[in-house]
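For reference, the structure is listed below as structure tokens.
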Amino acid sequence: MEILHTPVLLQECLQYLSPVGEPFEEHPFMIDSTLGEGGHSYAFLESFPQLRILGLDADAAIQAKARQRLSVFGNRMDFHLGWFNDFYSNYPENREKPDIILFDLGISIFHYEESGRGFSFRKDEVLDMRLNNQAGMSAADLVNTLDAEALADVLYVYGEERYSRRIARAIVDARHHARIDSATALADIVYRAVPAGYRHGAVHPATKTFQALRIAVNGELLRLPQVLPDAFKVLKCGGKMGVITFHSLEDRIVKTYFRNLGKQCVCPPEMPMCKCGGQPHGEILTRKPILPSKEEVEKNSPSRSAKLRVIRKLRDVSPENAEFVAVKSSEWDLKVHSTCNV
């Protein structure tokens, strides 16, 4: 079995999320919320012999690969197939609470190289991009049905693509002649749509378009504000939660939520007296995001945009305070969600 993906910020995760010392018990429990090929879980299980892990993933194909890889750890490793936001929102009250929760919001190299779902603009594959390819609209559905304005908005907001309107118009013009069903066909349309100087930069001109469509198809920025409060609720008091982001919008959501948890008071400004108890719910362990070293970026270029933030849970968030701590999904994300039906 060939392992394609290199886990990012691995040593930093082991350091900041270490289950050693107070308040961790003899056999700590961790949830790897984005298992992928199992790189982070493998390192944690190898480094901490008493640790047990439950790995979540929405993709059955990559989870099968992780099962094989992690089988050497026996019953210390368990698996759950499904979206992490569904898992945490339905977490049974009588189930063991985790000491550690990890989210790595990046896409595994497996999806680009082996999934066959059109994540890469360099492969002539069906334009799908769904992590769970049994539900929701595919990337091909989006590029063949959205009008030019909506498509341009997706490319600009999720991909920060400065030529979003030119690319969107080119896509709409092209689909009048034939449906756009392959990754290479879409990449070629983007390549021809952008200015000549933009075609020959360090990054392929279709990179941001493909990123934006992947985020939209999988509802990545909608799931994040939903899952963070639910995961924090499940986390054991004294436990730690770490989130690795790769996109500025993702990082902003995590930063805001952790900052709210770390506030002394979360009462709204118009409230004359503090009613929340005046105590922080979490201790932020990374005042600034942890970034990959120069050496890591040189060895593993996908790590260049990674940021790790970690918080320790001090106390539960009461129902009365939940709305003041939570980060709400934007109207934009809700609009795209209803379009993509993820």
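Could you tell me the distance between the Cα centroids of segment 103-181 and segment 237-314, to the nearest Å?
30
Per-residue accessible area for ARG175 at 1.4 Å probe radius, Å² rounded to 10?
50
For ILE244, what charge total do you get from the other residues with a beta carbon under 12 Å from its beta carbon, if Lys and Arg give +1 and Asp and Glu give -1?
That sum, taken over residues with Cβ under 12 Å, equals -3.
How much length would be gained if the chain were fully extended between GLN279 and ARG252, taking 0.36 nm per residue of separation minus their Cα-Cα distance, in nm to one decimal?
7.4 nm
Please identify which residues in segment 1-40 have an amide N closer than 16 Å to a label point set 7 Å out from the Cα of SER71, following the Cα→Cβ vector.
From segment 1-40, the list is 1-3, 38.
Skip the ligands, DNA and RNA, and give the accessible area per residue of segment 125-243 with a 1.4 Å probe, whole Å².
I get 40 Å² per residue for this part.
First select every other residue whose beta carbon is under 14 angstrom from the beta carbon of ARG52; then total the charges, Lys and Arg +1, Asp and Glu -1.
Computed value for this residue: -3.
Of LYS307/LYS328; LYS65/LYS255; LYS65/LYS233; LYS123/LYS255; LYS233/LYS328, which ones are farther than 24 Å apart at the Cα?
Going by Cα-Cα distance, LYS65/LYS255; LYS65/LYS233; LYS123/LYS255 fall outside the 24 Å limit.
Excluding ILE189 itself, what net charge comes from residues whose Cβ is under 10 Å from its Cβ, given Lys and Arg +1 and Asp and Glu -1?
Residues near ILE189 contribute 0 overall.
If you line up the long axis of helix 148-159 against the longest principal axis of the chain, both from Cα atoms, how many degrees apart are they, to the nearest 10?
Approximately 40 degrees, to the nearest ten.
Taking the 0 to 90 degree range and rounding to the nearest ten, how far is the long axis of helix 331-340 tilted relative to the main principal axis of the chain, both from C-alpha atoms?
60
Rolling a 1.4 angstrom probe over the protein chains, ignoring ligands and nucleic acids, what is the accessible area of TYR198 in square angstrom, nearest 10?
Approximately 40 Å² for this residue.
How large, in Å, is segment 86-173 by the Kirkwood hydrodynamic radius built from its alpha-carbon pairs?
Evaluated on segment 86-173, it is 15.8 Å.
Would you kindly give the portion of the calculated P(r) for segment 209-285 that falls above 18 Å, as a percent of all Cα pairs?
More than 18 Å apart: 51 percent of the Cα pairs in segment 209-285.
Over the chain, what per residue volume does the convex hull of the Cα atoms give, in whole Å³?
146
May I ask you to derive the FRET efficiency for GLU26 and ARG315 from their Cβ-Cβ distance with R0 = 35 Å, giving the value to the nearest 0.05?
So the FRET efficiency works out to roughly 0.90.
Go ahead and collect, in residue order, the members of segment 198-220 whose backbone nitrogen is under 17 Å from a label point 7 Å along the Cα-Cβ direction of TYR191.
198-211
Say a paramagnetic label sat at a point 7 Å from the Cα of ARG169, along Cα to Cβ; which residues of segment 115-149 have their backbone N under 14 Å from it?
148-149
Based on DSSP H runs of at least 4 residues, each adding -39500 (n - 2.57), what is the mean residue ellipticity at 222 nm of the chain after dividing by all its residues, to the nearest 500 deg cm²/dmol?
Taking each H run of at least 4 residues, the total per residue is -12500 deg cm²/dmol.
So, taking all protein chains as they sit and a 1.4 Å probe, how much accessible area belongs to LYS236, in Å² rounded to tens?
Accessible area of LYS236: about 50 Å².
Compute the FRET efficiency between VAL203 and HIS176 as 1/(1 + (r/R0)^6), taking r as their Cβ-Cβ distance and R0 = 25 Å, and round to the nearest 0.05.
That pair, VAL203 with HIS176, gives E of 0.30.
Which order do ARG287, ARG169, ARG214 take by accessible area at a 1.4 Å probe, largest first?
Heavy-atom accessible area, descending, gives ARG287, ARG169, ARG214.
With angles folded into 0 to 90 degrees, how steeply does helix 207-218 sit against the dominant principal axis of the chain? Use alpha carbons for both and round to 10.
Orientation of helix 207-218: about 60 degrees from the principal axis.
With +1 on each Lys and Arg Cβ and -1 on each Asp and Glu Cβ, and nothing else charged, work out how big the dipole of segment 143-298 is about its Cα centre, in Debye to the nearest 20.
Computed about the Cα centre, the dipole is about 320 debye.
What FRET efficiency, computed as 1/(1 + (r/R0)^6) with R0 = 41 Å and r the Cβ-Cβ distance, is obtained for ASP124 and GLU270, rounded to the nearest 0.05?
The computed FRET efficiency comes out at 0.10.
The values are calculated or read from the model by the stated rules, or taken from the named source; none is laboratory data. The model shown is predicted, which means the values in this text are computed figures rather than measured ones. Cβ: placed from backbone, ideal geometry, glycine included. Neighbour counts: every protein chain shown. Each accessible area value is taken on the protein alone, full model and side chains, heavy atoms only, with ligands, DNA and RNA left out. Shrake-Rupley method; radii C 1.70, N 1.55, O 1.52, S 1.80 Å.
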